[in-house]
């Protein structure tokens with residue numbers, strides 16, 4: 001008789017904000033750490049969704065404005081706003097980068113059966129792997145691989161944690 005691990009049906013996203021009240025999430029398995037925004041250095045002719053690069057532990061990381069990347073905002077951030085907020089560092093498909101966010105909420109544990117695919121035609125589906133209600137508010141689980149593929153030109157590798165189990 002085979003047993004199924006309960007953890008296979010669970011997801012542990014970090015919930016965060018991108019300049020508004022709406023919460024977004026990323027699976028904690030993709031996150032290395034959340035840090036205050038480090039000093040950024042501008043690169044000429046870089047993608048406008050990249051705020052700059054930062055030197056962290058002898059590694060240069062691009063810092064992506066995640067709000068702009070997923071279309072959560074189109075406003076320009078002041079240097080002061082950027083410095084006051086946080087960066088999620090990630091390692092995805094052997095690539096290291098930082099994702100600028102405006103604030104961290106919490107880490108939750110949720111069941112995949114409570115995650116739904118985004119409704120067609122709503123406009124939130126392009127970077128959304130799934131949606132669910134957390135504290136009676138919509139939370140969008142972001143498809144970070146798709147964001148990185150478009151901004152950094154990384155090849156997307158399909159992973160099991162993006163596919164919502166049936």
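The values are calculated or read from the model by the stated rules, or taken from the named source; none is laboratory data. Source: prediction; values computed, not measured. FYI the Cβ positions are ideal-geometry reconstructions off the backbone, even for glycines, and counts take in every protein chain you see.
If only residues of region 83-92 that are surrounded by 15 or more Cβ atoms within 10 Å (Cβ to Cβ) and touching a helix residue (DSSP H, G or I) at 6+ places or on another chain (Cβ under 9 Å) are counted, the one that is farthest from residue 153 (Cα to Cα) is 88. Checked against the criterion of being in contact with a strand residue (DSSP E or B) (Cβ under 8 Å, 6 or more places away or on another chain) and on the phi > 0 side of the Ramachandran plot, region 49-68 contains one or more residues that satisfy it.
Can you tell me which residues in region 69-80 are in contact (Cβ under 8 Å) with a residue 12 or more places away in the chain and on the phi < 0 side of the Ramachandran plot? If the condition is that a residue be in contact (Cβ under 8 Å) with a residue 12 or more places away in the chain and on the phi < 0 side of the Ramachandran plot, then 69, 70, 72, 73, 75, 77 are the ones that fit. On inspection, residue 80 fails the criterion of being out of contact with any strand residue (DSSP E or B) (no Cβ under 6 Å at 6 or more places or on another chain), outside any loop (DSSP other than H, G, I, E, B) and surrounded by 12 or more Cβ atoms within 10 Å (Cβ to Cβ).
Scanning region 49-74 for residues that are more than 23 Å from residue 93 (Cβ to Cβ) and either at pLDDT 95 or above or exposed (fewer than 10 other Cβ atoms within 10 Å of the Cβ) (or both) returns a single hit, 74.
Return yes or no: is residue 39 in contact with a helix residue (DSSP H, G or I) (Cβ under 9 Å, 6 or more places away or on another chain) and outside any strand (DSSP E or B)? Against the criterion (in contact with a helix residue (DSSP H, G or I) (Cβ under 9 Å, 6 or more places away or on another chain) and outside any strand (DSSP E or B)), residue 39 qualifies. If you scan region 93-122, which residues turn out to be free of Cβ contacts under 8 Å to residues at least 60 places away in the same chain and part of a loop (DSSP other than H, G, I, E, B)? Of everything in region 93-122, those that are free of Cβ contacts under 8 Å to residues at least 60 places away in the same chain and part of a loop (DSSP other than H, G, I, E, B) turn out to be 94, 117, 118, 119, 120, 121, 122.
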